[in-house]
Amino acid sequence: MSKSKKTKIKAIGLIVEDNSDFTSLKIIISRIIKKNNLTFKKAIGNGCGKMKRKAVSYANVLSNKGCDLIILVHDLDRNDLKTLRTELNQTINMSNAKNKFVCIPIEEIEGWFLSDPEGIKNAFGLKRIPNIKGNPETVTSPKEKLEDFVFQCSNKSKIYLNTKHNNLLSASLDLEKIRKKCVSFKEFEEKINTYSY
């Protein structure tokens, strides 16, 4: 896609599981495009089942509210990636939104955060850097793992809550490290960058 042909986006509609995901993605997208002038609107699914069932109507509502890009964000959890991607793409493609895509964080958005142990230490003022081994996308239950790291590395004095701390992590972690370690983030970033803002 040549630069001149990029579709101009002014408002993004995010279909997400909860408010914490909405806030995190809003911050991450603004950091990727290096702009703060976008409008974001949300549809909260409150769980994957409901989100899948209502994705088309959510997308249509957001589109009617003036969102020129719709992103459906669904954690992989224990699903098969290929099957889930096919299912979600088929669903979102039934909506009347012109620009849309699916993002599947593996296993969940907290997996992305595990890419930057030093950043986690700095964000929480921990006593030591969490010892996160291997690829963050292979970590089972990254949310619980992050909770455990924060608790242990703060000498049991700090408690991580995704609803309270994900915006802090989204704003401060190194996107370069996340891009290198998480294929799902790299794909997400590439799709964001196919548009102009």
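Of note:
- Residue within region 78-96 that is over 24 Å from residue 182 (Cβ atoms), surrounded by fewer than 16 Cβ atoms within 10 Å (Cβ to Cβ) and of a type in the set (Gly, Ala, Ser) present: no
- Restricting 111, 134 to those that are surrounded by 17 or more Cβ atoms within 10 Å (Cβ to Cβ) and either part of a helix (DSSP H, G or I) or modelled with pLDDT under 95 (or both) reduces the list to 111.
- Looking across 101, 151, 185, one residue alone is in a helix (DSSP H, G or I) and closer than 20 Å to residue 48 by Cβ. It is 185.
- Any pair with Cβ under 6 angstrom, 6 or more apart, that starts in region 152-170 at a residue that is closer than 18 Å to residue 28 by Cβ and ends at one that is among the hydroxyl-bearing types (Ser, Thr, Tyr): 162/20; 163/20; 166/20; 166/24; 167/23; 170/24
- Condition check for residue 53: assigned to a helix (DSSP H, G or I), closer than 26 Å to residue 196 by Cα and free of Cβ contacts under 8 Å to residues at least 24 places away in the same chain: no
- Hits in region 81-98 - residues which are of a type outside the set (S, T, N, Q) and in a helix (DSSP H, G or I): 81, 82, 84, 85, 87, 88, 92
The values are calculated or read from the model by the stated rules, or taken from the named source; none is laboratory data. Everything numeric in this text was worked out from a predicted model, so none of it was measured. FYI the Cβ positions are ideal-geometry reconstructions off the backbone, even for glycines, and counts take in every protein chain you see.
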